[in-house]
1. Going out from 0 in 5 Å bins, what whole percent of all Cα-Cα distances in segment 6-293 drops into each bin?
2. If you count, for each residue, the other Cβ atoms within 10 Å and average over each peptide, how do 249-259, 152-162, 127-137 line up from highest to lowest?
3. Where Lys and Arg each count +1 and Asp and Glu each count -1, what net charge lies around Gln14 among other residues with Cβ under 13 Å from its Cβ?
4. In Å², what does the accessible area per residue of the chain work out to with a 1.4 Å probe?
5. Please give the net charge around Ala264, taking every other residue with its beta carbon less than 15 angstrom from that of Ala264, where Lys and Arg add +1 and Asp and Glu add -1.
6. Counting only protein heavy atoms, what percent of the accessible surface of segment 6-293 is carbon or sulfur at a 1.4 Å probe?
7. Remind me, relative contact order of the chain in percent, using alpha carbon pairs under 8 angstrom and six or more residues apart?
8. At a Cα cut-off below 27 Å, give the lysines reachable from Lys271, other chains included and same-chain residues fewer than 8 away excluded.
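The values are calculated or read from the model by the stated rules, or taken from the named source; none is laboratory data. Being a predicted model, the structure only gives us computed values, none of them experimental. Please note: Cβ atoms are built from the backbone with ideal geometry, for glycine as well, and neighbour counts cover all protein chains shown. The protein model used for the area step is the full one, side chains on, heavy atoms only, and it has no ligands, DNA or RNA in it. Shrake-Rupley method; radii C 1.70, N 1.55, O 1.52, S 1.80 Å.
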Amino acid sequence: MAIVSMNSLLRQAQQHRYMVGYFESWNLESLLAVVDAAEHTRSPVIIGFNGGFLDNPERSVKENIYHYGALGITVAREAGIPICLLMNEAAHPSTLLRAIQAGFNAIMYAGSHDTPEELLETTRYLVRTAHACSVAVEAEAGTLPWADGHGGLAENGRATDPDEASAFVKETSVDALAVSVGNVHVLEGSTVSLDWELLAHIHRKVSVPLVLHGGTGIDRHALREAAGYGVAKVNVGTLLKRACLDSWSEIFRTPGRLEDDPHALLGGGGKQDMNRLARERMAEKVANFMEDLGSTGKA
Ligand SMILES: [Zn+2]
């Protein structure tokens, strides 16, 4: 199936009151796990990678965005469900320009450390360039807090201001807007409830589809309600990495297991293959999440 625009995926979702998941991958198995889940549940889906990780200057080996683009496009074309390919939260505009060249059809700039003027200028520039290439742009208004992994916060966020958000969308023509309404990045092990009043206020003021990042840490029962508040996309990352690590951890903790035939453990593809087992575990978690988004059966 051809790659599908984020705008058409999100418009459909808004019309029919469900949400599309963006499930963030980092390698082939995690990417295929998302597509397995989407095909199994007949869900439209947004696949992709985290630009902030890929363009992190502290990475010991420099990553080539084109490898990730080729991977994403090939997987999307072969899949039997509508897929959009997102380069999420890159900290450098140049990463996003390369992502567009590499075939990503949606981008998001992480400009939370910019001044409001810088953010406006960079976002406008990216929107002009991206739209000329039929690529959608997501932006964030306000900032999400970051969980520290020990029940606290590594960074405090700033809640989205509805008037600011509305002005930002009008001035930049972004296609979707991520909002900070109680949701927390990389939160796991506990859940937060959303500020519904604030979300409703933003929804009244902002014309484009809204996005919730930090999907792993949002109370799943409440999450279903968000579609009624203009939310059309939910970002999920931590859930996949935890599922992968849990699966590997079981293997590592099984006595004697790592002494088995290395080809059976890696690359053989049979019952003992660590990557195969992780892929299955991730796909299961993603499929469950899709149920809560209401996207199952909508492909
Ligand atoms: Zn995010």
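1. With 5 Å bins starting at 0, P(r) equals 1, 6, 12, 16, 19, 18, 13, 8, 4, 2, 1, 0, 0.
2. 127-137, 152-162, 249-259
3. Numbers: positive: Arg11, Arg17, Lys233, Lys298; negative: Asp175.
The answer is +3.
4. Values: 13750 Å² over 299 residues.
Accessible area per residue, the chain: 46 Å².
5. Numbers: positive: Arg257, Lys271, Arg276; negative: Glu259, Asp260, Asp261, Asp273.
Taking every Cβ under 15 Å from that of Ala264, the sum is -1.
6. Using a 1.4 Å probe with all protein chains present, segment 6-293 comes out at 50 percent carbon and sulfur.
7. Normalised by residue count, the contact order of the chain is 22 percent.
8. Result set, ordered by chain and number: Lys241, Lys285.
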